[in-house]
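Single-structure report; data block below.
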Amino acid sequence: MKKLTVVTVVAVLMLASFAIGAKKKGQKGGQYKKNNRELITRLTAGNLAEVKKSSEDYIKKNPDDLEYRFILAICHAQNGDIPNAMAMVKESVDKGLPFARYLAGPHDLLKPLTSSAEFKALAADKDVELVHGPLVGSVTDKGASFWVRTFSEVPVEVSISRGKDAEPVATAKSRTEEARDYTSVLSVDGLKPAIEYRYNLIINGKRQKEWYKFRTMPVFKKPARFVLAFGGGAGYTPWNERMWSTIKLHEPIALMLLGDCVYIDTPKVQNAQKYCYYRRQSRPEFRALTASTSVSAIWDDHDFVTNDAEGGPEIDSPDWKIPVWKTFRNNWNNPAYGGGEKQPGCWFKQSIADVDFFFLDGRYYRHREGKTMLGPVQKEWLFEQLKNSKATFKVICSNVPITKGVKPGSKDTWDGFPEEREEIYKFLSDNRIDGVFVIAADRHRSDAWKNDRPGAYPVYEFQSSRLTNAHTHGIIKGCLFGYNELCSFGRLTFDTTKPDPEVTYDVINIDNELVESLTLKKSQLTSE
């Protein structure tokens, strides 16, 4: 393994030492991401006594844990015991839990606490209106969008400049809405390509102290060199949340999250869904990264439905589909969400320089009986986009692997839809579409694969889906390489300025070690 630099590793370790709720020596990781989420589900169902006892028992065994203190504060408030609820609030905040966690929600569970005179007094002293964000997204060579969440419905504004003391070059105003879970997206245009900008927020008329920076994309459709990060499998695991700090050290121009981004598994319980987003969005490591890097996200089974499940062919059946979609939309900053209200989903296209990325939704319209993962509307969109693309590289971004046999015995990957997979391969060959490769998630490891096709160039696939998960999947024979020892992410370095344009896939682990690397040239992805 290659250490990238001593300085960067030390920086990561220093940040890790301040991680909220860090794992104690000897404490087992297990499926922490599921445990407190299930308690929120049970609280929503009215099982207050059971949840209170579970939280108290856990804290006795793990006295430094903060997430269970948050849940116990809700339990005390639900019991009408505001003094003990406030004691738990102050204790958890003093130990490092962001106060904004109590402002975010779930609002109905926290209302007995947040409406109390004691909490209002503390909130006035803390003076926090910005709850989550900013989260940068939909960045192009000329514009960008900024997602925020506030405690109440208030006016919000973003101001863009070249420096803290420089005059603004662009501004945007909006208002957060309760109907959108107190979020808003502010979009600006008229910016210049490949420029680092500074920005500042004005929340409810008050200019925030923090200044952030982001970079616009290289010139659209022109050759460039740029770096991005991708992955999936990001279940909430406090001792692995330092991964976001590791990624930030590489200053990627984009972060592409390919599913299982927060792990929900409760499509019928809105409180549990929102809670899973809130706990991630409150992490300082995640906020620091996403305030400066353009973020895009699609879902997989654990964010949309339950393990290995499908949505079916209908838009609004089962009846939980549209509410889950709206909650997803309220918590990200994508350029599009499928076909919008008329055709909900999470697919969209994103372009960086002369590279096109096609993000797929492999769950909303997945229908095993109908032998489709994408559904007819999305598949038609994908084929039209691929056929019309003039990009040097065309990257299919899939929630699950396209390679055969990477999840032995399962039909949850594209192995469950071999006819549709072959239809995509045939479309590429029939239309002589060059430069296509795949990035995917789902398997809790980082792999590289080569899929040979008779009479056509091979489709390479880069998989990475153990960003923060404690759980690991084994290495499968036949891969070009595989890594699962520690959490890791995929780093893609594109250089299309070369005579033979290339992309390099690096696997970098949570300790900032470069563990695997593979370079793919455009000439390897060209029809004969």
Any residue in the range 103-129 that's touching a residue at least 12 places away in the same chain (Cβ under 8 Å): show its pairings with residues that are of a type in the set (S, T, N, Q) and assigned to a helix (DSSP H, G or I) at Cβ separation under 6 Å, as long as the two are six or more apart or on different chains.
Pro106/Asn271
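How many of the residues in the range 48-93 are among the small types (Gly, Ala, Ser), in a helix (DSSP H, G or I) and touching a residue at least 12 places away in the same chain (Cβ under 8 Å)? Give the derivation first.
As a first pass, look at the range 48-93 and keep what is among the small types (Gly, Ala, Ser): 49, 54-55, 73, 77, 80, 85, 87, 92.
Applying the additional criterion that residues be in a helix (DSSP H, G or I) yields 49, 54-55, 73, 77, 85, 87, 92.
If we keep only those that are touching a residue at least 12 places away in the same chain (Cβ under 8 Å) as well, we get 54-55, 73, 77, 85, 92.
Looking only at that region, the number is 6.
Considering every residue within the range 450-467, establish whether at least one is outside any strand (DSSP E or B), closer than 15 Å to Ala229 by Cα and not hydrophobic (A, V, I, L, M, F, W, C). Give the steps one after another, and end with the answer.
Kept after step one, since they are outside any strand (DSSP E or B), are these residues of the range 450-467: 454-455, 465, 467.
Then keep just the ones that are closer than 15 Å to Ala229 by Cα; that gives 465, 467.
Next cut, not hydrophobic (A, V, I, L, M, F, W, C) only: 465.
Yes.
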Return the residue satisfying two criteria in turn: it lies in the range 224-270 and is acidic (Asp, Glu) and closer than 18 Å to Asp308 by Cβ, and of such residues it is surrounded by the fewest Cβ atoms within 10 Å (Cβ to Cβ).
Asp265
Please find, within the range 338-373, the residue that is nearest to Asp319 (Cα to Cα) out of those that are buried (at least 24 other Cβ atoms within 10 Å of the Cβ) and more than 20 Å from the chain's Cα centre (by Cα).
Tyr365
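Within the group Pro223, Pro193, which residue is more than 29 Å from Tyr278 (Cα to Cα) and either touching a Phe, Trp or Tyr at 6+ places or on another chain (Cβ under 8 Å) or without any contact (Cβ under 8 Å) to a residue 40 or more places away in the chain (or both)? Break it down into steps so the answer makes sense when it comes.
On the way: Pro223 fails: either touching a Phe, Trp or Tyr at 6+ places or on another chain (Cβ under 8 Å) or without any contact (Cβ under 8 Å) to a residue 40 or more places away in the chain (or both).
So the residue among Pro223, Pro193 that is more than 29 Å from Tyr278 (Cα to Cα) and either touching a Phe, Trp or Tyr at 6+ places or on another chain (Cβ under 8 Å) or without any contact (Cβ under 8 Å) to a residue 40 or more places away in the chain (or both) is Pro193.
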Looking only at residues that are aliphatic (A, V, I, L, M) and outside any loop (DSSP other than H, G, I, E, B) in the range 297-323, which one is farthest from Ala254 (Cα to Cα)?
Ile322
Residues of the range 327-361 satisfying the condition of being farther than 23 Å from Pro401 by Cβ, in a loop (DSSP other than H, G, I, E, B) and not small (Gly, Ala, Ser)
Asn331, Asn333, Pro335, Tyr337, Gln343, Asp354
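Of the residues in the range 94-105, how many are more than 18 Å from Tyr236 (Cβ to Cβ) and in a loop (DSSP other than H, G, I, E, B)? Even if it seems obvious, please write down each step before you answer.
Here is the first cut: in the range 94-105, the ones more than 18 Å from Tyr236 (Cβ to Cβ) are 94, 99, 103.
Narrowing further to those that are in a loop (DSSP other than H, G, I, E, B): 99.
Number of matching residues: 1.
Would you say Phe481 is within 22 Å of Met243 (Cβ to Cβ) and more than 22 Å from the chain's Cα centre (by Cα)?
Numbers: within 22 Å of Met243 (Cβ to Cβ): yes; more than 22 Å from the chain's Cα centre (by Cα): yes.
Criteria met by Phe481.
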Number of the exception - Leu113 against (1) surrounded by 17 or more Cβ atoms within 10 Å (Cβ to Cβ); (2) outside any helix (DSSP H, G or I)
(2)
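Which residue out of Ile424, Ile433 is among the hydrophobic types (A, V, I, L, M, F, W, C), in contact with a helix residue (DSSP H, G or I) (Cβ under 9 Å, 6 or more places away or on another chain), within 28 Å of Gln378 (Cα to Cα) and in a loop (DSSP other than H, G, I, E, B)?
Numbers: Ile424 fails: in a loop (DSSP other than H, G, I, E, B).
Being among the hydrophobic types (A, V, I, L, M, F, W, C), in contact with a helix residue (DSSP H, G or I) (Cβ under 9 Å, 6 or more places away or on another chain), within 28 Å of Gln378 (Cα to Cα) and in a loop (DSSP other than H, G, I, E, B) holds for just one of Ile424, Ile433, which is Ile433.
Bear in mind these aren't lab numbers, they're just calculated from the coordinates by the rules spelled out. This is a predicted model, so every value here is computed, not measured. Note that we place each Cβ from the backbone using ideal geometry, even for glycine, and neighbour counts take in every protein chain shown.
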